Amino acid sequence: MAEPVVRIPDAKVALSTASVYPESTATAFEIAARLGYDGVEVMVWTDPVSQDIEALRRLSDYHQVPILAIHAPCLLITQRVWSTDPWTKLQRAQSAAEKLGASTVVVHPPFRWQRQYARDFVTGIWRMANETDVRFAVENMYPWRYRDREMLAYAPDWDVTKEDYRHFTIDLSHTATARSDALQMIDRMSDRLGHVHLADGNGSNKDEHLVPGRGTQPCAELLERLALSGFDGHVVIEVNTRRAMSSAEREADLAEALAFTRLHLASAVRVPRS
């Protein structure tokens, strides 16, 4: 006879500070503490606090919320944050992670117009990964689309599984926008999957970052797979709450996302009765 038991992996559930935009980085720590998240991922962007290691340390200590990951400033709006040189940005992200006790740096593949950076990216990421215990987890992206036209904006490729990286981040809003199969992608990533950005999407041309369960992506199935495989990375809620009509509505969305994630990470398995 076998009876069901609940298996919960060691994965921590974190809140991306991007999930509270247009509120501040400081607000993200406050909400993460109040709702019971295990930690935060700091999106380094134009908010000065997100760029300031000592300010981040004070927020983490005050709210008793650990910083689990640093998202390097890879967006178009962060081209001048922490230097205009992309390698300097990654070096500073690594330094921030080491000083703040974060285990992971999330990085996007280069834009195609960053030709030298793109040419050296794969070998450069390996070189940096060999110099630290911090994981450099390269994130899947998507083609840019306008009407019936498609532009490949990232190099070497938006599908990061086509390259040899030590660790990957999978983002389910990005798989929706790319119209790719998220479960097949994590199969290709295999044990190199080190980090998850959990969000949802409907396959729009826009990167939607919906609350998990509100789109078409296999968010629940992915979490259940992680539970069964004993995944020990971080699951980060990275959703868009810009349309929230109030702080209470934003917080309700983030509470719903946390509840969804915890529910589906708790996987029922059958074990023989002793």
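The values are calculated or read from the model by the stated rules, or taken from the named source; none is laboratory data. Since the structure is predicted, the reported quantities are computational estimates derived from the model, not experimental observations. Reconstructed Cβ throughout: ideal geometry from the backbone, glycine too, with neighbour counts over all protein chains shown. Please note that ligands, DNA and RNA were not included when accessible areas were found on the heavy atoms of the full protein model with its side chains. Shrake-Rupley method; radii C 1.70, N 1.55, O 1.52, S 1.80 Å.
In this entry, Ala97 passes the filter for residues that are touching a strand residue (DSSP E or B) at 6+ places or on another chain (Cβ under 7 Å) and either assigned to a helix (DSSP H, G or I) or modelled with pLDDT under 95 (or both).
To keep it simple, each residue is scored yes or no on (1) on the phi > 0 side of the Ramachandran plot; (2) under 15 Å from the mean Cα position of the chain (by Cα); (3) open to solvent by 50 Å² or more (accessible area, probe 1.4 Å).
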| site | (1), (2), (3) |
| --- | --- |
| Glu131 | no, no, yes |
| Met151 | no, no, yes |
| Arg179 | yes, no, yes |
| Gly194 | no, yes, no |
| Ile237 | no, yes, no |
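Val49 - would you say it is within 20 Å of Glu256 (Cβ to Cβ) and at pLDDT 95 or above?
Details: within 20 Å of Glu256 (Cβ to Cβ): no; at pLDDT 95 or above: yes.
Here the answer is no, as Val49 does not meet what is asked.
Take the stretch 159-175 and flag every residue that is open to solvent by 20 Å² or more (accessible area, probe 1.4 Å) and within 17 Å of Phe111 (Cα to Cα).
The initial filter retains those residues of the stretch 159-175 that are open to solvent by 20 Å² or more (accessible area, probe 1.4 Å), namely 161-164, 166-167.
Passing the criteria: Thr161, Lys162, Glu163.
Is it fair to say Ser83 is at pLDDT below 95 and among the small types (Gly, Ala, Ser)? Yes, satisfied. Looking across the stretch 197-213, the residues that are touching a residue at least 40 places away in the same chain (Cβ under 8 Å) and either among the charged types (D, E, K, R) or open to solvent by 40 Å² or more (accessible area, probe 1.4 Å) (or both) come down to Asn205, Asp207, Gly213.
Of the residues making up the stretch 22-45, those that are part of a helix (DSSP H, G or I) and either more than 21 Å from Thr104 (Cα to Cα) or among the basic types (Lys, Arg) (or both) are Thr27, Glu30, Ile31, Arg34, Leu35.
Being out of contact with any Pro (no Cβ under 6 Å at 6 or more places or on another chain), basic (Lys, Arg), surrounded by 15 or more Cβ atoms within 10 Å (Cβ to Cβ) and at pLDDT below 95 is not true of Arg273.
Of the residues making up the stretch 45-104, those that are within 23 Å of Val235 (Cα to Cα) and of a type in the set (Gly, Ala, Ser) are Ser50, Ser60, Ala69, Ala72, Ala93, Ser95, Ala96, Ala97, Gly101, Ala102, Ser103. Tallying residues that are assigned to a strand (DSSP E or B), at pLDDT below 95 and not aromatic (Phe, Trp, Tyr) within the stretch 128-147 yields 1.
Taking the criterion of being touching a helix residue (DSSP H, G or I) at 6+ places or on another chain (Cβ under 9 Å), open to solvent by 20 Å² or more (accessible area, probe 1.4 Å) and in a helix (DSSP H, G or I), the residues of the stretch 64-91 that qualify are Pro86, Trp87, Gln91. Being open to solvent by less than 40 Å² (accessible area, probe 1.4 Å), part of a helix (DSSP H, G or I), touching a Ser or Thr at 6+ places or on another chain (Cβ under 8 Å) and not aliphatic (A, V, I, L, M) narrows it down to one of Ser19, Ser60, so name that one. From the options Ser19, Ser60, the qualifying one is Ser19.
Residues of the stretch 100-118 that are assigned to a loop (DSSP other than H, G, I, E, B), over 22 Å from Thr132 (Cβ atoms) and of a type outside the set (Phe, Trp, Tyr): Arg112, Gln114. Of the strands (runs of 3 or more DSSP E) that lie entirely inside the stretch 173-274, those containing 3 or more residues that are over 18 Å from Gly36 (Cα atoms) span 193-198, 267-272.
Looking for whichever is without any contact (Cβ under 8 Å) to a residue 24 or more places away in the chain, among the hydrophobic types (A, V, I, L, M, F, W, C) and open to solvent by 10 Å² or more (accessible area, probe 1.4 Å) here; the options are Ala255, Ala248, Ala266. Which one fits? Steps first, answer last, please.
Numbers: Ala255 fails: without any contact (Cβ under 8 Å) to a residue 24 or more places away in the chain; Ala266 fails: without any contact (Cβ under 8 Å) to a residue 24 or more places away in the chain.
Matching residue, one of Ala255, Ala248, Ala266: Ala248.
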